[in-house]
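Asks: Here it is, the structure in full.
The values are calculated or read from the model by the stated rules, or taken from the named source; none is laboratory data. Quick caveat, the model's predicted, so the values are computed rather than measured. Don't worry about glycine lacking a Cβ; one is built from the backbone with ideal geometry, like all the others, and counts go over all protein chains shown. We work out accessible area using only protein heavy atoms, side chains counted, and drop any ligands, DNA or RNA first. Shrake-Rupley method; radii C 1.70, N 1.55, O 1.52, S 1.80 Å.
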Amino acid sequence: MSEPYLKPLPEPSIDSQPYWDGLKDRRVMLQRCSDCGTVRHYPRPMCGECHSMEVDWIEASGKGEVYSWTVAHHPFHIGFKAETPYILATVELEEAVRIQSQLLDIDPADLKIGLAVEVIFGQETDDLVLPYFRVAK
């Protein structure tokens with residue numbers, strides 16, 4: 001039997017369910033306003049640019065650049081204790097939206113703004129896949 005998953009679990013909403021479903025298929029899905037074309041992340045019901053409630057979904061390239069980061073030395077939740085220290089990065093995707101996730105397999109001393117990264121996926125539970133980033137190959 002595997003160890004229990006101790007981290008908080010997402011609670012998908014009607015607006016975010018396609019994002020979570022996409023991750024299960026190893027795809028990062030982003031909302032796009034059907035009226036003005038603005039791409040947005042995190043999923044939400046209304047476009048921040050034109051206030052339209054019309055939305056469709058596009059698949060992100062999964063490529064981007066480090067916009068910012070922090071190295072967490074103290075877990076905000078007990079489920080992250082074994083991973084500390086870890087890097088929490090804000091990545092600007094090619095689609096011009098920012099997403100936050102852990103950046104794996106890099107020494108914090110090698111981090112820099114603009115570092116090219118790509119998404120990888122972690123199967124956390126039978127039903128939960130999360131996006132992580134690593135230095136682009």
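Asks: From the Cα gyration tensor of region 1-71, with a ≥ b ≥ c the square roots of its eigenvalues, which class applies: rounded if a/c is under 1.5, or else prolate if a/b is larger than b/c, or else oblate?
Replies: The shape class here is prolate.
Asks: Assign one of three labels to region 32-87, namely rounded, prolate or oblate, based on the Cα gyration tensor with a ≥ b ≥ c the square roots of its eigenvalues; rounded applies when a/c is under 1.5, prolate when it is not and a/b is larger than b/c, and oblate otherwise.
Replies: Here region 32-87 falls in the prolate category.
Asks: Apply the a/c threshold of 1.5 to the C-alpha gyration tensor of region 81-137 and tell me whether it is rounded, prolate or oblate.
Replies: Oblate.
Asks: Per-residue ellipticity at 222 nm for the chain, helices alone: DSSP H runs ≥ 4 residues times -39500 (n - 2.57), over residue total, nearest 500 deg cm²/dmol?
Replies: Value at 222 nm, helices only: -1500 deg cm²/dmol.
Asks: Related question: Per residue, how large is the accessible surface of region 41-109? Use a 1.4 angstrom probe and give square angstrom.
Replies: For region 41-109, the solvent-accessible area averages 62 Å² per residue.
Asks: List residues of region 1-45, by number, whose backbone nitrogen lies under 15 Å from a label position 7 Å along Cα→C-beta of Ala72.
Replies: Within reach of a label on Ala72: 6-10.
Asks: Counting other Cβ atoms within 10 Å of each Cβ, which trypsin sites (Lys or Arg not before Pro) in region 77-114 have at most 10 and sit in a DSSP loop?
Replies: Sites meeting the loop and neighbour criteria: Lys112.
Asks: Just to compare against my own numbers: the Cα pair-distance distribution for region 32-137, 10 Å bins, whole % per bin, please.
Replies: Percent of Cα pairs in each bin: 14, 38, 32, 15, 1.
Asks: Of the chymotrypsin sites (Phe, Trp or Tyr not before Pro) in region 69-108, which ones lie in a loop per DSSP and count no more than 14 other C-beta atoms within 10 Å?
Replies: Phe76
Asks: Okay, which of region 102-133 sit inside 16 Å, backbone N to the point 7 Å along the Cα-Cβ direction of Ser61?
Replies: Flagged as within label range: 114-120.
Asks: Quote the FRET efficiency, to the nearest 0.05, computed for Ala96 versus Glu3 with a Förster distance R0 of 35 Å and r equal to the Cβ-Cβ distance.
Replies: The computed FRET efficiency comes out at 0.35.
Asks: Carbon and sulfur together cover what percent of the accessible area of the chain at a 1.4 Å probe radius?
Replies: Carbon and sulfur: 51 percent of the exposed surface of the chain.
Asks: Do you know the Lys pair count in the chain for C-alpha distances under 25 Å, with sequence separation 8 or more or different chains?
Replies: 7
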